Amino acid sequence: MRERRVLEALRTEIGRLDPDTRSAIGRALDDDRVQLSGGGWGDRDDADGCVLSIAAWNMGLADGEALMHRSVAAVRLPALFDELWALLLMRLGDVELARASARRLVGDALGTVEDAPRMPAHV
């Protein structure tokens with residue numbers, strides 16, 4: 001299933017992120033003031049954005065692009081998240097359901113990664 005492959009790739013790339021970025025993603029998922037969305041960086045003023053942008057905002061950075069200088073994994077994350085977002089929207093047909101599902105799935109992936117041994121960045 002395509003959704004499962006995207007989730008596995010997302011889990012892999014989250015595992016390759018530095019601990020500060022992973023922690024910021026966890027805080028981003030818990031931040032109810034911002035809405036998770038796909039398809040672009042998002043807008044801090046509108047309080048919606050992709051998982052990497054929300055993480056960057058939690059770290060005091062301007063946007064998710066600022067995190068992309070830290071690792072290749074951070075570069076891959078937005079594309080994987082956008083693909084997951086699109087698959088969820090197609091399957092569920094509702095933005096709010098897709099948002100809740102994406103939040104849960106990314107949180108599950110983050111939890112799975114934090115429980116597993118860290119993968120080397122060069123793999």
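A few comments on the model shown:
- Test: residue in region 35-56 that is modelled with pLDDT under 80, among the polar types (S, T, N, Q) and not in a helix (DSSP H, G or I): yes
- Looking only at residues of region 66-78 that are surrounded by 15 or more Cβ atoms within 10 Å (Cβ to Cβ) and free of Cβ contacts under 8 Å to residues at least 40 places away in the same chain, we find that the one that is nearest to Val6 (Cα to Cα) is Pro78.
- Candidates Asp63, Asp48, Asp82, Asp108 - the one that is out of contact with any helix residue (DSSP H, G or I) (no Cβ under 6 Å at 6 or more places or on another chain), surrounded by fewer than 23 Cβ atoms within 10 Å (Cβ to Cβ) and farther than 18 Å from Arg2 by Cβ: Asp48
- Selection count, region 4-27, where residues are surrounded by fewer than 16 Cβ atoms within 10 Å (Cβ to Cβ) and either without any contact (Cβ under 8 Å) to a residue 24 or more places away in the chain or under 15 Å from Leu88 (Cβ atoms) (or both): 4
- Verdict on Arg103 being touching a strand residue (DSSP E or B) at 6+ places or on another chain (Cβ under 7 Å) and either in a helix (DSSP H, G or I) or free of Cβ contacts under 8 Å to residues at least 24 places away in the same chain (or both): yes
- Every residue from region 99-122 that is modelled with pLDDT of 90 or more and either hydrophobic (A, V, I, L, M, F, W, C) or at positive phi (or both): Leu105
- So Ile14, is it assigned to a helix (DSSP H, G or I), more than 13 Å from Arg76 (Cα to Cα) and under 10 Å from the mean Cα position of the chain (by Cα): no
- Number of residues in region 28-45 that are over 17 Å from Ala66 (Cα atoms), surrounded by 12 or more Cβ atoms within 10 Å (Cβ to Cβ) and not hydroxyl-bearing (Ser, Thr, Tyr) equals 7.
The values are calculated or read from the model by the stated rules, or taken from the named source; none is laboratory data. Owing to the predicted nature of the structure, the values given are computational and were not obtained by experimental measurement. Neighbour counts run over all protein chains shown; Cβ positions are idealised from the backbone, glycine included.
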